[in-house]
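Participant: One structure, pasted below without further comment.
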Amino acid sequence: MFSGAIVAIVTPFKDGKLDEEAFRGLIEFQIEQGIKGIVPCGTTGESATLSYEEHERVIDITVETVAGRVPVIAGTGSNSTQEAIKLTKHAKDAGVDGVLLITPYYNKPTQEGLFRHYEAIAKACDIPQILYNVPSRTGINMEYGTVVSLAKIDVVVGIKEASGNLVQCGRIIYNTPEDFVLLSGDDGLALPILSLGGKGVISVTANVLPSKVSRMVESFLSGDVAGARKLHYELLDINSVMFIETNPIPVKTALSMMGKIKEELRLPLCQMSDLNKQRLFDILKSHGVV
């Protein structure tokens with residue numbers, strides 16, 4: 001259902017408010033460059049500091065602007081099960097193709113608690129759902145056994161895996177149905193995860209280089225392993241610099257350098273250090289985007 005390079009798109013701000021014009025421009029840029037899906041309101045979209053109204057507006061704009069050209073997978077997770085259900089119901093009504101549901105953060109639920117959280121959302125919302133495991137952000141790892149159990153629920157169609165644990169990724173792929181999709185949540189591990197049987201990546205780097213990230217994934221999926229490997233190595237430096245400071249600080253800074261958005265983040269995120277900003281600029285220049 002979902003495969004290829006999918007962008008975890010940023011949320012541009014202007015004078016403290018959502019910059020709707022710039023956001024629509026980013027979506028058009030992504031589609032023109034061959035991206036296979038768009039994820040609004042994820043970690044890269046600064047969902048943690050969006051108001052409910054802004055969250056819903058970002059999703060509405062995405063669906064309207066995309067107009068069915070690629071799938072829209074809206075971030076609707078929360079550390080409150082009821083809030084996640086509320087956001088997911090809105091996303092469904094807005095017309096998204098699926099939702100991305102992060103594991104509850106701060107609460108640190110048990111594996112049984114994780115299962116019940118996702119089960120409750122699945123029962124309340126009949127829409128394709130992708131689990132999202134990112135222990136570095138949430139403080140909890142969703143173990144592969146929990147994922148295998150959740151994969152038996154019809155609407156749970158895949159997982160974005162950002163644990164960095166390739167053994168865990170392999171166990172998920174091996175023990176879930178063939179149509180259950182595992183997507184890399186780490187740009188630098190996209191190719192290794194594809195080699196295990198993953199179907200794509202939800203990418204930060206694609207905000208800046210959507211065409212190259214798309215070609216890397218499509219090359220592998222079409223059987224051109226050597227071509228995919230070449231592109232993987234060409235992306236190494238930019239994949240690394242996208243996380244030189246907390247995401248999405250570097251990627252929003254990069255997009256501002258490219259003239260696509262204003263360099264604006266919401267506290268507690270702040271502007272990059274001058275040293276890291278220069279390093280970022282040099283790498284962007286080497287890729288010909290500034």
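No value in this document is a laboratory result; all are computed from the given coordinates. These figures come from a predicted structure and were not determined experimentally. Here Cβ is always computed from backbone atoms with ideal geometry, including for glycine, and neighbour counts include all displayed protein chains.
Participant: Return the long-range amide H neighbours of residue 182 (sequence gap of 5 or more, or a different chain), with a cut-off of under 5 Å between placed amide H atoms.
Facilitator: For residue 182, the qualifying residues are 159, 199.
Participant: Would you grab the residues whose amide H sits under 5 Å from the one on residue 14? Only those 5+ places off in sequence or on another chain, please, with H modelled 1.01 Å from N.
Facilitator: Result for residue 14 returns 19.
Participant: Moving on. Once you sort the root eigenvalues of the Cα gyration tensor of the range 135-182 as a ≥ b ≥ c, which label holds: rounded (a/c under 1.5), prolate (a/b larger than b/c) or oblate (the other case)? Could the numbers behind the result be given before it?
Facilitator: Working: a/c = 2.01, a/b = 1.52, b/c = 1.32.
Taking the square roots of the gyration eigenvalues as a ≥ b ≥ c, the range 135-182 is prolate.
Participant: OK, next. Please turn the phi angles of the range 84-93 into ³J(HN,Hα) values with the Karplus equation 6.51 cos²θ - 1.76 cosθ + 1.60 (θ = phi - 60°), one per residue in order, whole Hz, x for glycine and proline.
Facilitator: Values, residue by residue: 4, 5, 4, 5, 5, 5, 5, 4, 4, 4 Hz.
Participant: Is there a quick way to get the dipole size of the range 134-290? I mean about its Cα centre, with the Cβ of Lys and Arg at +1 and of Asp and Glu at -1; what is the value in debye to the nearest 20? Could the numbers behind the result be given before it?
Facilitator: Values: 16 positive and 16 negative charges, 54 e Å.
Using only the charged Cβ atoms, the result is roughly 260 debye.
Participant: Right, next: What does the highest-first list of 226-233, 87-94 look like by mean Cβ count within 10 Å?
Facilitator: Those peptides, ordered most packed to least, come out 87-94, 226-233.
Participant: Which residue, 16, 45, 25, has the most motion in a Gaussian network model of the chain that connects Cα atoms within less than 10 Å?
Facilitator: For the chain, modelled as a Gaussian network with Cα springs under 10 Å, the answer is 16.
Participant: Residue farthest toward the positive end of the dipole of the range 125-197, with Cβ of Lys/Arg at +1 and Asp/Glu at -1: which of 164, 149, 182?
Facilitator: Going by the Cα projections, it comes out as 164.
Participant: If you scale each eigenvalue of the Cα gyration tensor by 5 and take the root, what three semi-axes come out for the range 121-160, rounded to whole angstrom and sorted largest first? Walk me through the numbers on the way to the answer.
Facilitator: On the way: eigenvalues 74, 26, 13 Å².
Working through the eigenvalues yields semi-axes of 19, 11, 8 Å.
Participant: Could you grab the relative contact order for the chain? Cα pairs under 8 Å, six or more apart, rounded to a whole percent.
Facilitator: The value is 18 percent.
Participant: Another question, then. With all distinct Cα pairs included, what does the Kirkwood hydrodynamic radius of the range 4-222 come out to in Å, to one decimal, could you say? Spell out each step's value before the answer.
Facilitator: Numbers: mean 1/r = 0.0584 Å⁻¹.
In the range 4-222 this quantity evaluates to 17.1 Å.
Participant: While we're on this one: When we measure straight from the Cα of residue 212, which lysines land under 23 angstrom away, once same-chain ones fewer than 8 places off are left out?
Facilitator: List returned: 36, 160, 199, 230, 252, 260, 277, 285.
Participant: Next up: Using alpha carbon centroids, what distance separates the range 1-30 and the range 32-72, in Å?
Facilitator: First find each Cα centre; the distance between them is then 6 Å.
Participant: Among rounded, prolate and oblate, which fits the range 164-290 when a ≥ b ≥ c are the square roots of the eigenvalues of its C-alpha gyration tensor, a/c under 1.5 means rounded, and a/b larger than b/c means prolate? Could the numbers behind the result be given before it?
Facilitator: Numbers: a/c = 2.55, a/b = 1.73, b/c = 1.47.
Prolate is the answer for the range 164-290, as a/c is 1.5 or above and a/b outweighs b/c.
Participant: Using only the Cα atoms of the range 217-290, what semi-axes does the equivalent ellipsoid have when each is the square root of 5 times a gyration tensor eigenvalue? Give whole Å, largest first.
Facilitator: On the way: eigenvalues 150, 32, 26 Å².
Here the semi-axes work out to 27, 13, 11 Å.
Participant: Can you work out the Karplus-derived ³J(HN,Hα) for every residue in the range 173-182? Use 6.51 cos²θ - 1.76 cosθ + 1.60 with θ = phi - 60°, whole Hz, and x for glycine or proline.
Facilitator: Calculated HN-Hα couplings, in order: 4, 5, 9, 10, x, 4, 8, 7, 9, 9 Hz.
Participant: Return the whole-Å distance between the Cα centroid of the range 185-209 and the Cα centroid of the range 234-290.
Facilitator: Each part's Cα centre sits 19 Å from the other's.
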